[in-house]
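Novice: Here it is: the structure, laid out below.
The values are calculated or read from the model by the stated rules, or taken from the named source; none is laboratory data. What you see is a predicted model; the values in this text were computed from it and never measured. Here Cβ is always computed from backbone atoms with ideal geometry, including for glycine, and neighbour counts include all displayed protein chains.
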Amino acid sequence: MNIENKLLKQSSLEKLILKLKEEGKQVFAPVKKNDIVDFSEIASLQEMTEDYIVTVQSAKAVAFPKVETLFDFQISKSNVAITEKDTQSLPEVVLLGARPCDAAAFEALNAIFTWDNLNDHFFVQKLKKTTIIGFSCSKADDKCFCTSVNGNPGSTRGSDILLTKIDNGNYLAEIITEKGQDLAAKYADLFEAAPEVDKNKYLADVPVQFELKAILDNISGAFDHPLWVKQSLRCISCGACAYVCPTCACFDIQDINNGSEGHRKRSWDSCGFGLFTIHTSGHNPREVQSQRWRQRVMHKFAYMPERQQVVGCVGCGRCSRSCPADMNLKEHLINLAKEVAK
Amino acid sequence: MADFEPKIVAFVCNWCTYAGADLTGTSRIKYAPNVRIIRFPCTGRIDFMLVMKSFANGADGIIVSGCHPNDCHYTSGNFHARRRWMAFNELAGFVGIDVNRIRFSWVSAAEGAKWAEVVNTFTEEVRNLGPYNNYIDLAKVEHKDAII
Amino acid sequence: MDSVKKKAKELLENQSVNLIIGYGEGSDKSVRTIFISTADEVDQLIYDERCVQNLAFYLMKHEVKHMGKLGIIAPLPVMRTILQIASECQIKEENVVVLGVNPKGELVECNGFKDIESYVAACDLDLPAKEKEIIAKLDAMTVQERWTFWTNELSRCIKCYACRAACPMCYCTRCQVECNNPQWITVEATPMGNLEWHFMRAMHLTGRCVNCGECGRACPLNIPVNLLTYKTVMTVKEQFDVVSGTLANMDSVLSSYKIDDKENFIR
């Protein structure tokens, strides 16, 4: 599909949000609260902040919420009656202000949730109902490394519409997908003729930090490399990295009941937790942090490329920013690329 | 709140307060039927989570009662309980839990009248405080399924 | 820092320790924990006002413990943590060499736990002023205001357990959170579930917390969870006249008692 360029003025974007709200859609955008910028539901564009490189938490919760009810059940003497959750009548969601890395992450998540003919209809239906209006990056910090993992600050991958802020507070709007086209057509009066601009002029400079190919080609052979222990020595296995990561999809399932009725829920989990792989027998194949650190990196850079043909990292750097022990994934990957290529 | 009947849960030790409550009954002393008594071997066994879960499940008031210090059937159980409850009370008050809805007492096996007095006075106090809506309302808030 | 580096060099050169845990330069002007095993790495050690992470955590980390005899750079919070975990039999005096550091970055000689105890005894162990002020403000609020404050803050919690992971006193191999019989703490992040989790953690830390502040620092959402544990520190001092992390052999506050303990809340 060809990408169509349009001009979206600041005032038109304001009007667009109000129109979407009138239609009954839920609009999520980065909002600043308690010195933290995170996605929150907004009623108007004024509530959105532009003072962020990336939000603290990712936007994956629109399609993969941190807690999700899978079904309800009623236990009677003779059987268990299960009431499935209705995934057909979900609210329409607009995700505004997702960075190109956030938008690309949905591709990785989708690859996991539809892998091998499995169709996680909770995720798939929620993503279907979500329109992503991405925002290009005009600034980056030293924890960002999207360009090292096949991304860039103006990438259209994963967004339905990508907005790049140009002069006078207006936006270059790239209409990318069919969903984006439908939206732009519905409000055609707000989207004006394409401006004559060089998009790259307005994008951040994110130099490539390491050779991805060196990692992808060699990491599978590095299972027993001593660098895993060295790199993870300061990790405190807090699990925050997996929770803020836009491509991490591990979850725990539990049945919660009160007498004869209850529900089955799934919630976010982290492979960094000590008991993540504990067996009922008490044996734990990943007993120590270095094994769990190795698993985390290999999952993103070896197993996911092998099985789902997608790299499990978009270089957003959230893990490094949230890490209380300054693990710094970018630094580790630079080191990894060098070590495994030897 | 004329027709509000508070739900009071009482965590009591088997050797003193439970026996004391028995004595209240055999002495034919009336006390408020609002109380649900739960028997424990010792106050030292009572976990503070039980108190929190009771509030979350609809209790409006909680009584914790055991043997007088130096009279514990297990020698020191109530001493440990005393320290635990001191710490609990301070932290609960700090977090904004209404500690007026929790009553701690020492009631021995011979104090049938005292048990009735504890229950009756406390039930009236809780009746005046009203239902513990704050707590129940928070307990009812589910995670929001599809929202960030 | 020179006196510290000199001692560190000595220890590594004569192999009195196999590994020294200390502070080093991290990414973007932050500080990170470094693990040095040779004398020429000693120059990486730093100490300034940015060095607040509680290094004692690593004394109990499996891979670190198995690297042999450990040395550790120890400002006051680390010293207190070492004394507290020694009190709880998690560390032996002969397995760790403590390189004490005073606020100016000068070496405090510590030959064994007795020396650490003397140094700690001479220090001001009060809570940091900023947190004390916030607690005082909260104490002055009404019950309803406090409830609103805490439920608002704790509703934001995503149950990532970074607070638990960062805390050196949370070393239970099977935390209550991982028990589902009974399931005291819900897996999912609900407002009540979050309140119960943080309340429980604070209760389990009563008499053990050394107010290092790691829990608050580790929280990715800046929830002031350390205020809860700090409150228990205040309670333990006021009501039981005990200060944690001051002796290497101290009775645990909640599993010991005095006959004349206060009971002013009992009618």
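The rows are residues; the columns are (1) more than 8 Å from every other protein chain (Cβ to nearest Cβ); (2) modelled with pLDDT under 90; (3) crowded, with 17+ Cβ neighbours inside 10 Å.
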site	(1), (2), (3)
C:GLU145	no, no, no
C:THR151	no, no, yes
C:ILE158	no, yes, yes
C:ALA166	no, no, yes
C:ARG174	no, yes, no
C:GLU178	no, yes, no
C:ASN181	yes, yes, no
C:GLU188	no, yes, yes
C:GLU196	no, no, yes
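Yes or no, residue by residue, for (1) at positive phi; (2) surrounded by 18 or more Cβ atoms within 10 Å (Cβ to Cβ); (3) of a type in the set (D, E, K, R):
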{"site": "A:VAL297", "(1), (2), (3)": "no, yes, no"}
{"site": "A:LYS300", "(1), (2), (3)": "no, yes, yes"}
{"site": "A:CYS313", "(1), (2), (3)": "no, yes, no"}
{"site": "A:GLY317", "(1), (2), (3)": "yes, yes, no"}
{"site": "A:ARG321", "(1), (2), (3)": "no, yes, yes"}
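Novice: Please work out which residue is modelled with the lowest pLDDT, limiting yourself to the range A:25-56 and to residues that are at the interface with another protein chain (Cβ under 9 Å from one of its Cβ atoms) and within 19 Å of the chain's Cα centre (by Cα).
Specialist: In this case the residue turns out to be A:ILE36.
Novice: Would you confirm, using the coordinates I've provided, whether C:VAL120 is within 14 Å of chain B (Cβ to nearest Cβ) and on the phi < 0 side of the Ramachandran plot?
Specialist: Working: within 14 Å of chain B (Cβ to nearest Cβ): no; on the phi < 0 side of the Ramachandran plot: yes.
Here the answer is no, as C:VAL120 does not meet what is asked.
Novice: Here is a further query. Could you run through the range A:143-183 and say how many residues are out of contact with any Pro (no Cβ under 8 Å at 6 or more places or on another chain) and assigned to a strand (DSSP E or B)?
Specialist: 8
A quick yes/no check of all residues on (1) of a type in the set (Ser, Thr, Tyr); (2) surrounded by 14 or more Cβ atoms within 10 Å (Cβ to Cβ):
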site: A:ASN152; (1), (2): no, yes
site: A:SER155; (1), (2): yes, yes
site: A:GLY169; (1), (2): no, no
site: A:VAL208; (1), (2): no, no
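Novice: For A:ALA104, state whether it is buried (at least 23 other Cβ atoms within 10 Å of the Cβ) and touching a Lys or Arg at 6+ places or on another chain (Cβ under 8 Å). Steps first, please.
Specialist: Values: buried (at least 23 other Cβ atoms within 10 Å of the Cβ): yes; touching a Lys or Arg at 6+ places or on another chain (Cβ under 8 Å): yes.
The answer is yes for A:ALA104.
Novice: Helices (runs of 4 or more DSSP H) wholly in the range A:191-277 with at least 3 residues that are aliphatic (A, V, I, L, M), farther than 30 Å from A:TYR171 by Cβ and under 23 Å from the mean Cα position of the chain (by Cα) - which ones? So that I can check it myself, show each step before the final result.
Specialist: Details: elements: A:212-218, A:227-232, A:240-244.
Here the list reads A:212-218.
Novice: Then there is this: I'd like to verify a number: residues in the range A:301-332 that are assigned to a helix (DSSP H, G or I) and either touching a Pro at 6+ places or on another chain (Cβ under 6 Å) or away from chain C (no Cβ under 13 Å) (or both), how many?
Specialist: Here is the first cut: in the range A:301-332, the ones assigned to a helix (DSSP H, G or I) are A:301-308, A:318-322, A:329-332.
Next, from what is left, pick out any that are either touching a Pro at 6+ places or on another chain (Cβ under 6 Å) or away from chain C (no Cβ under 13 Å) (or both): A:301-308, A:322.
Of the residues in that region, 9 qualify.
Novice: Going by what's in this entry, would A:LYS213 be described as surrounded by 15 or more Cβ atoms within 10 Å (Cβ to Cβ), more than 14 Å from chain C (Cβ to nearest Cβ) and free of Cβ contacts under 8 Å to residues at least 60 places away in the same chain?
Specialist: Details: surrounded by 15 or more Cβ atoms within 10 Å (Cβ to Cβ): no; more than 14 Å from chain C (Cβ to nearest Cβ): yes; free of Cβ contacts under 8 Å to residues at least 60 places away in the same chain: yes.
The answer is no for A:LYS213.
Novice: Next up: Being of a type in the set (D, E, K, R), surrounded by fewer than 22 Cβ atoms within 10 Å (Cβ to Cβ) and either touching a residue at least 40 places away in the same chain (Cβ under 8 Å) or farther than 20 Å from B:TYR135 by Cβ (or both) is true for just one of B:ARG45, B:ARG36, B:ARG82, B:ARG103. Which residue is that?
Specialist: Values: B:ARG36 fails: either touching a residue at least 40 places away in the same chain (Cβ under 8 Å) or farther than 20 Å from B:TYR135 by Cβ (or both); B:ARG82 fails: surrounded by fewer than 22 Cβ atoms within 10 Å (Cβ to Cβ); B:ARG103 fails: surrounded by fewer than 22 Cβ atoms within 10 Å (Cβ to Cβ).
Exactly one of B:ARG45, B:ARG36, B:ARG82, B:ARG103 is of a type in the set (D, E, K, R), surrounded by fewer than 22 Cβ atoms within 10 Å (Cβ to Cβ) and either touching a residue at least 40 places away in the same chain (Cβ under 8 Å) or farther than 20 Å from B:TYR135 by Cβ (or both), namely B:ARG45.
Novice: Right, another one. Counting only residues that are surrounded by 19 or more Cβ atoms within 10 Å (Cβ to Cβ), without any contact (Cβ under 8 Å) to a residue 40 or more places away in the chain and more than 15 Å from the chain's Cα centre (by Cα), how many does the range C:220-238 have?
Specialist: 2
Novice: For the range C:245-263, which positions are in a loop (DSSP other than H, G, I, E, B) and under 18 Å from B:GLY44 (Cα atoms)?
Specialist: To start, the set of residues in the range C:245-263 that are in a loop (DSSP other than H, G, I, E, B) comprises C:245-252, C:256-263.
Within the range C:245-263, C:ASP251, C:SER252, C:SER256, C:TYR257, C:LYS258, C:ILE259, C:ASP260, C:ASP261, C:LYS262, C:GLU263 qualify.
Novice: Filter the range C:32-59 for residues that are buried (at least 19 other Cβ atoms within 10 Å of the Cβ), farther than 22 Å from C:MET169 by Cα and within 12 Å of chain A (Cβ to nearest Cβ) and give the result.
Specialist: C:ILE36
Novice: Do any strands (runs of 3 or more DSSP E) lying entirely in the range B:1-119 carry at least 3 residues that are more than 8 Å from every other protein chain (Cβ to nearest Cβ) and of a type outside the set (Gly, Ala, Ser), and which ones are they?
Specialist: Details: elements: B:8-13, B:35-40, B:61-66, B:102-106.
Answer list for the range B:1-119: B:8-13, B:35-40, B:61-66.
Novice: Output the number of the condition that C:VAL64 fails; it satisfies all remaining conditions of (1) within 11 Å of another protein chain (Cβ to nearest Cβ); (2) outside any helix (DSSP H, G or I); (3) touching a helix residue (DSSP H, G or I) at 6+ places or on another chain (Cβ under 8 Å).
Specialist: Answer for C:VAL64: the failing condition is (2).
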